[in-house]
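See below for the structure under consideration.
The values are calculated or read from the model by the stated rules, or taken from the named source; none is laboratory data. The model shown is predicted, which means the values in this text are computed figures rather than measured ones. Here the Cβ is made from the backbone with ideal geometry for all residues, glycine too, and neighbour counts use every protein chain on show. Quick note on the areas: whole protein, heavy atoms, side chains included, nothing else; ligands and nucleic acids left out. Shrake-Rupley method; radii C 1.70, N 1.55, O 1.52, S 1.80 Å.
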Amino acid sequence: MTVSSETYRAPPFWRRPAVRGVLIQAGLVLGLIGATWFFVSNAVVNLAKNSLTMGFDFLWSNASFELGESVTGFAAGDSFLDAFYAGIANTLAVSIISIVAATILGVVIGITRLASNPLARLLSGGYVELVRNIPLILQMMFWYALITRSFPSPRRALQPFEGLFLSNRGITFSTLRLDALHLWLVGGLAVLLLVLLLLRRPARALKAQQLAAFLRDPRLPLAVLAAMLVLVAFTATLDVPKVAGFNFRGGASITPEFTAVFFGLTIYSAAFIAENVRSGILGVTRGQREAASALGLRPGPVMRLVILPQALRVVVPPLASQYLNIVKNSSLAVAIGYPDIMRVATIIISETGKAIEVIAIIMAIYLTFSLIISYLMNVYNRSIMAKGG
């Protein structure tokens, strides 16, 4: 038996795995920096040829346009920065309301798809297949055309009940009016109610048993809620809308654009959420349902107390993606004239010519929205996993 006398030779420096990994990453970073420098320098040169400059000073200039609706009360003469704020507020308003409505509708349809009634399964399955296969922008246009073309004028508006009008100007309804003092009181009671509800669970860790029992007493938040209702009932006045000329005066209204975007986002996203809920329920073993039924629980409590809490482990991650899609898909509202952030951005670009700056702002806004939603859903998902849900 012979032993080789050849000694081990280490590979060259650049072939070592650790060094090779660092060199590859450094090359990618340098390539990214080079590509960024190339595009930025070309943009600067082309802007200079057209006597244009880059900068964000235009944000403080006065805008000369109006928005069809604005949560912040934007008007012509305000700054372009105020216009961005108005677009962000409008986007958040329709997105948050659509997220809540789509979640409720999606959960109901997802559960119905697994119902024992064959007609309920057929209708819910048909809804999912129909809605998912029609582009969202077409659905928005359908609802917008339905409202503006099918509903009558304000003078002949439909009135399902007193104080509610349906017309081609949207949905107009009565509102409650409070003076400044009572509005502050109601707001303070609402904050107090929220604080009491948030302190109910941490109250278990308090060493002062009397204080913990006081905070966990269900009569306390009910008393605060009753005080709010009594205060509103005795101090608020009802503002009923009335037809004045070609429109309504008084009350509040929801425009056809907002309604069409809301219906489109809600109905479209609910179909995907329903499939996420259905897959989550199917991911729970059949033995869980059988065990709960053996204990005497009815189908409703079994679903609410046993199946759904366990299904959340599967449902929450894709649900976060659907929430992100709702916010991003709201940009399609520009097709029907709803003044979301994309609509505001296109108007500002046409007035200022600052396309690069405006697009950069829009990208930063949507990125911020996505990161916030992802963070909140990750926190919620971790809390579910910590509970063993």
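Sub-7 Å Cβ pairs linking a first residue in the range 21-48 that is within 25 Å of ILE356 (Cα to Cα) to a second residue that is open to solvent by 70 Å² or more (accessible area, probe 1.4 Å), at least 6 apart or interchain, are ALA43/ILE356; VAL44/MET54; LEU47/THR53; LEU47/MET54, ordered by first then second residue. Among the residues of the range 113-144, the one identified as free of Cβ contacts under 8 Å to residues at least 24 places away in the same chain and hydroxyl-bearing (Ser, Thr, Tyr) is SER116.
Pairs meeting the criteria (first residue in the range 145-156 and at pLDDT below 85, second residue open to solvent by 50 Å² or more (accessible area, probe 1.4 Å), beta carbons under 6 Å, at least 6 apart or on different chains) are PRO154/ARG169; PRO154/VAL243; PRO154/ASN247; ARG155/VAL243.
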